[in-house]
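Participant: Dropping a structure here in structure tokens format, bear with me for questions.
The values are calculated or read from the model by the stated rules, or taken from the named source; none is laboratory data. This is a predicted model, so every value here is computed, not measured. Every residue, glycine as well, gets a Cβ built from its backbone with ideal geometry; the counts of neighbours run over all protein chains shown.
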Ligand SMILES: [Fe+2]
Ligand SMILES: [Fe+2]
Ligand SMILES: [Fe+2]
């Protein structure tokens, strides 16, 4: 069978390579996807980043700190997994933000370039008058003020009325919820309509990015893998049903690609694509992902949209075009009846075909809280049928068949490890 080649990656990426990642753009893309989860949240992370940065800049914070405040603003609610939690955080007087703040910290703290931002995320719901019992960085109070100001933004009001209302609320809580000096600085810089027109603009992030030349961050392949693993946890931990899914897909895809002759660098790239393949699920309310029983037509349509969201987020990263194609095309079929693009066999590279098999293999064999995974016999029968109906690639499924026990061992081991991390993670926030 002739496969379309796997892009330029074969020539470019090997294990020791450095890749230039527009880290801020990547983070922006991912949290933008999180904000698509419902209308009220659209642009929330961007707005918080903009307001928080404007305060830090007015206070003449060093550039590095300003960048960390932007990163923290762009990611601050990354630990709020359910729509209910996200919407709850839109109430101005919310008091239960500590859980998602701590989860956000735990998710981001181990990736070096996020270390400082993680510390800010951890305390972004600490109030000025709270007895924190520890020293809280000023950036946390800035983030809190920016977050509360952002939830008061309302484009149904005239700008002048909205500015007046926001200022009144902040003034009323000056010295209790908010640090008095920060309220004063904020009132001064946010007194004109232009400030808020920018805050409402969908391109507010672009404005920030140009001003600060946020630019590219160099990562080696291991750094890229660590970043992908971090986002894999954000994706998978949102639902206990799929808490280990992407880790299983990544391990299976990597092992299959090794058996099919991919180089070390390519296999690592496929593993990374596996961590990221369901990235677009961040845009799907977890209430739909976890819905017991039959989905409505509309809900099914929403779930299917995750593939195009994965594609759109990863598209921002030029160096990762091939990883994007391997990740985002995992629901395409050889007969052209898959999604998001309805590509046909000739357009689907071997990497995509491996990812599709790894995804189905993991999905049907993994245990979920509401059902046991399939036995090998049953799983192979299902996949044979999918080969016959031109959903999956026959060559890849043959390799899986001949190495079933090995691949199943690899998948199970990876998912067992992920399950124990998930458990630890849950225990720490209880
Ligand atoms: Fe929050
Ligand atoms: Fe927020
Ligand atoms: Fe998927």
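Participant: Among the residues of region 69-94 satisfying the criterion of being within 12 Å of ligand 1 (Cβ to nearest atom) and either outside the structural domain of residue 208 (by TED's automatic domain parsing) or without any contact (Cβ under 8 Å) to a residue 24 or more places away in the chain (or both), which is farthest from residue 28 (Cα to Cα)?
Facilitator: Restricting to residues being within 12 Å of ligand 1 (Cβ to nearest atom) and either outside the structural domain of residue 208 (by TED's automatic domain parsing) or without any contact (Cβ under 8 Å) to a residue 24 or more places away in the chain (or both), the top hit is 88.
Participant: Quick one: residue 98 ticks every box in (1) touching a strand residue (DSSP E or B) at 6+ places or on another chain (Cβ under 6 Å); (2) surrounded by fewer than 18 Cβ atoms within 10 Å (Cβ to Cβ) bar one, so which box is it?
Facilitator: Against the list (1) touching a strand residue (DSSP E or B) at 6+ places or on another chain (Cβ under 6 Å); (2) surrounded by fewer than 18 Cβ atoms within 10 Å (Cβ to Cβ), residue 98 comes up short only on (1).
Participant: Can we say residue 117 is in a loop (DSSP other than H, G, I, E, B), crowded, with 17+ Cβ neighbours inside 10 Å and within 15 Å of ligand 1 (Cβ to nearest atom)? Walk me through it before giving the result.
Facilitator: Details: in a loop (DSSP other than H, G, I, E, B): no; crowded, with 17+ Cβ neighbours inside 10 Å: yes; within 15 Å of ligand 1 (Cβ to nearest atom): yes.
It is false that residue 117 is in a loop (DSSP other than H, G, I, E, B), crowded, with 17+ Cβ neighbours inside 10 Å and within 15 Å of ligand 1 (Cβ to nearest atom).
Participant: Scan region 279-299 for residues that are more than 14 Å from residue 241 (Cα to Cα), free of Cβ contacts under 8 Å to residues at least 40 places away in the same chain and not in a helix (DSSP H, G or I) and report the count.
Facilitator: Summing the residues that are more than 14 Å from residue 241 (Cα to Cα), free of Cβ contacts under 8 Å to residues at least 40 places away in the same chain and not in a helix (DSSP H, G or I) in region 279-299 gives 3.
Participant: Checking the conditions here, which among 298, 315 is closer than 26 Å to residue 27 by Cβ and exposed (fewer than 15 other Cβ atoms within 10 Å of the Cβ)?
Facilitator: Numbers: 298 fails: closer than 26 Å to residue 27 by Cβ.
Going through 298, 315 in turn, the sole match is 315.
Participant: Mind checking which residues of region 119-161 are within 28 Å of residue 426 (Cα to Cα), within 16 Å of ligand 2 (Cβ to nearest atom) and without any contact (Cβ under 8 Å) to a residue 40 or more places away in the chain?
Facilitator: Listed by number, the residues that qualify are 122, 123, 125, 126, 140, 144.
Participant: Sort through 56, 52 and tell me the only one that's assigned to a helix (DSSP H, G or I), within 13 Å of ligand 1 (Cβ to nearest atom), at pLDDT 95 or above and buried (at least 19 other Cβ atoms within 10 Å of the Cβ).
Facilitator: Numbers: 56 fails: within 13 Å of ligand 1 (Cβ to nearest atom).
From the options 56, 52, the qualifying one is 52.
Participant: Looking only at residues that are more than 11 Å from ligand 3 (Cβ to nearest atom) and closer than 16 Å to residue 267 by Cα in region 320-333, which one is surrounded by the fewest Cβ atoms within 10 Å (Cβ to Cβ)?
Facilitator: Checking each candidate, the answer is 321.
Participant: Can you find a residue in region 14-30 that is within 19 Å of residue 144 (Cβ to Cβ), within 16 Å of ligand 2 (Cβ to nearest atom) and in the same structural domain as residue 147 (by TED's automatic domain parsing)?
Facilitator: Taking region 14-30 and keeping what is within 19 Å of residue 144 (Cβ to Cβ), we get none.
No, that holds for no residue.
Participant: Answer yes or no: is there a residue in region 57-71 that is within 15 Å of residue 107 (Cβ to Cβ) and touching a helix residue (DSSP H, G or I) at 6+ places or on another chain (Cβ under 8 Å). Quick ask: steps written out before the conclusion?
Facilitator: First pass over region 57-71, keeping only residues within 15 Å of residue 107 (Cβ to Cβ): 71.
Then keep just the ones that are touching a helix residue (DSSP H, G or I) at 6+ places or on another chain (Cβ under 8 Å); that gives 71.
There is at least one residue in region 57-71 that is within 15 Å of residue 107 (Cβ to Cβ) and touching a helix residue (DSSP H, G or I) at 6+ places or on another chain (Cβ under 8 Å).
Participant: If you scan region 37-49, which residues turn out to be surrounded by fewer than 18 Cβ atoms within 10 Å (Cβ to Cβ) and in contact with a helix residue (DSSP H, G or I) (Cβ under 9 Å, 6 or more places away or on another chain)? Reasoning before the result, please.
Facilitator: Of the residues in region 37-49, the ones surrounded by fewer than 18 Cβ atoms within 10 Å (Cβ to Cβ) are 38-40, 42.
Those that are surrounded by fewer than 18 Cβ atoms within 10 Å (Cβ to Cβ) and in contact with a helix residue (DSSP H, G or I) (Cβ under 9 Å, 6 or more places away or on another chain): 38, 40, 42.
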